[in-house]
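Trainee: Encoded as structure tokens, here's the structure I'll be asking about.
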Amino acid sequence: MKSAAIVSLAGCLIAPHLLAELPNPQLLPTTRAISEIIAKTPDPEASAMKSYVEKVKLAGDANLDLIAIQGGEFSLGSPETEAGRKPDEGPQRKVRIDPFWMGKLEITWELYRPFMENGKARNKDGTLNRDSNLTTSEAPAVQAGETLNDTITQPTPPFMPMNLGMGDGYAKDFPAISMTQHAAGKFCEWLSEQTGHFYRLPTEAEWEYACRAGTTTAWSFGDDAAQLPDYAWFADNSEFQYQKVGKKKPNPWGLHDMHGNVAELVLDQYLPDSYAKFKDGESNPWVPAPLRYPTVVRGGHWDADAVMLRSAARLASSKDWKVIDPQIPKSIWFFTSAPWLGFRVVRPLKTPPVEEMHRYWNMGPGPTE
């Protein structure tokens, strides 16, 4: 995957030095410690490559269902003949994807809230605040009374309820929303430390491969938008708010809410011509995201029209999504103006080396506000 990323970025707008630098190197000791835990954790799921359920200890042993996705080849992007297609969905590229597991459902408040409300005094950058100065970053070394999980950078308290008045408060079955890509990546690190399995956001290619589930039509159930209410929450049926996860029909591989409910963060930097950088036959294409904006969002959401819920539809993140945040500088953790944005996690069959693991968890917040 790493070599593909370098090839795909040749000639694009991202400065090469940003790709070469290991982001947040001061946090590497924590990544190394988590990598050692993962290496020592028994892994029967890997040899069987079957779906399984993870117990998340710090979320009260809440369940996280993982669906096994076999590797394969597919056409990334949409054909020029697809209704509603935009230029950034092409040219189509035939690419290969390695096996991975993907969350059956979008990450819910039951899983995300213990990470968001972590009970520790935090500096603005999410490190532990031991010196009562919010502006200074502190070393990740575990001190007396602390755990390794504490040293993972985690959100500062939000200044408003992040359910934004929708659903039933923080009811456990609703999708967690309004986090930044940086926050979602750190959730994956938090999750990995306590489970002993490596989790991260999906790449854009992995997300579309899983969403299509072997199909080539506009949606994973076909080209007839009249069927969309059976599979998705969107502008026509959501009653102007998000809905409980898993209540609509799954796609052919058993994944729910890939179309609609909340849009989903992925790993990639958004480039309007991303696919033109890829080659036919490329394995695991990925555009790393050293810059905070724009990154790719997929799947459409409860306030979107049907055309934005297509398998190939892409959306670019924007700093406008935190416009009502009154802080200076604005939080690196919350998109307070994106009540339709969430994510789901993946676990690749092949666990990456520690430096690559660190990069997945530390992309962004980047050098720009």
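The values are calculated or read from the model by the stated rules, or taken from the named source; none is laboratory data. Because the structure is predicted, anything quoted here is derived from the model rather than measured. So basically every Cβ, Gly included, is an ideal-geometry build from the backbone, and we count neighbours across all protein chains shown. Protein only, heavy atoms only, side chains kept; ligands, DNA and RNA dropped before computing areas. Shrake-Rupley method; radii C 1.70, N 1.55, O 1.52, S 1.80 Å.
Trainee: Of Lys55/Lys248; Lys244/Lys350; Lys279/Lys322; Lys249/Lys277; Lys94/Lys186, which ones are farther than 26 Å apart at the Cα?
Mentor: Lys244/Lys350; Lys279/Lys322; Lys249/Lys277; Lys94/Lys186
Trainee: Could you give the accessible area per residue of the chain, probe 1.4 Å, as a whole number in Å²?
Mentor: 40 Å²
Trainee: While we're looking at this one, here's another question. Sort 104-115, 141-152 for me by packing, meaning the mean count of neighbouring Cβ atoms within 10 Å per residue, highest on top.
Mentor: Most protected by this proxy first, the peptides run 104-115, 141-152.
Trainee: Express in Å², to the nearest 10, the accessible area of Thr136 obtained by rolling a 1.4 Å probe over the protein heavy atoms while all chains stay in place.
Mentor: 50 Å²
Trainee: Moving on. Rounded to the nearest 500, what is the chain's calculated 222 nm mean residue ellipticity when only DSSP H runs of at least 4 contribute -39500 (n - 2.57) each, over all residues?
Mentor: -5500 deg cm²/dmol
Trainee: While we're on this one: Based on the mean of other beta carbon atoms within 10 Å per residue, what is the order of 219-229, 185-195, most packed first?
Mentor: Highest to lowest by the protection proxy: 185-195, 219-229.
Trainee: What FRET efficiency comes out for the pair Lys57/Glu21, r = Cβ-Cβ distance, R0 = 35 Å, nearest 0.05?
Mentor: After rounding, the FRET efficiency stands at 0.55.
Trainee: Ranking request for peptides 45-58, 164-177: highest mean number of other beta-carbon atoms within 10 Å first, then the rest in descending order.
Mentor: 164-177, 45-58
Trainee: How would the stretch 238-324 be classified by its alpha-carbon gyration tensor: rounded, prolate or oblate, with rounded meaning a/c under 1.5 and the a/b versus b/c comparison settling the rest?
Mentor: Note, shape of the stretch 238-324 comes out oblate.
Trainee: Of the accessible area of the stretch 40-105, with the probe set at 1.4 angstrom, what percent is carbon plus sulfur?
Mentor: The computed percentage sits at 49.
Trainee: Give me the percent of the accessible area of the stretch 301-348 that comes from carbon and sulfur atoms, probe 1.4 Å, all protein chains in place.
Mentor: 63 percent
Trainee: Turning to a different aspect of this structure: Tell me the carbon and sulfur percent of the accessible area for the stretch 134-242, rounded to whole percent, probe radius 1.4 Å.
Mentor: 53 percent
Trainee: Is the chain best put as rounded, prolate or oblate by its Cα gyration tensor, with a ≥ b ≥ c the root eigenvalues, rounded for a/c under 1.5, and otherwise prolate when a/b is larger than b/c, oblate when not?
Mentor: Because its axes are fairly even, with a/c under 1.5, the chain counts as rounded.
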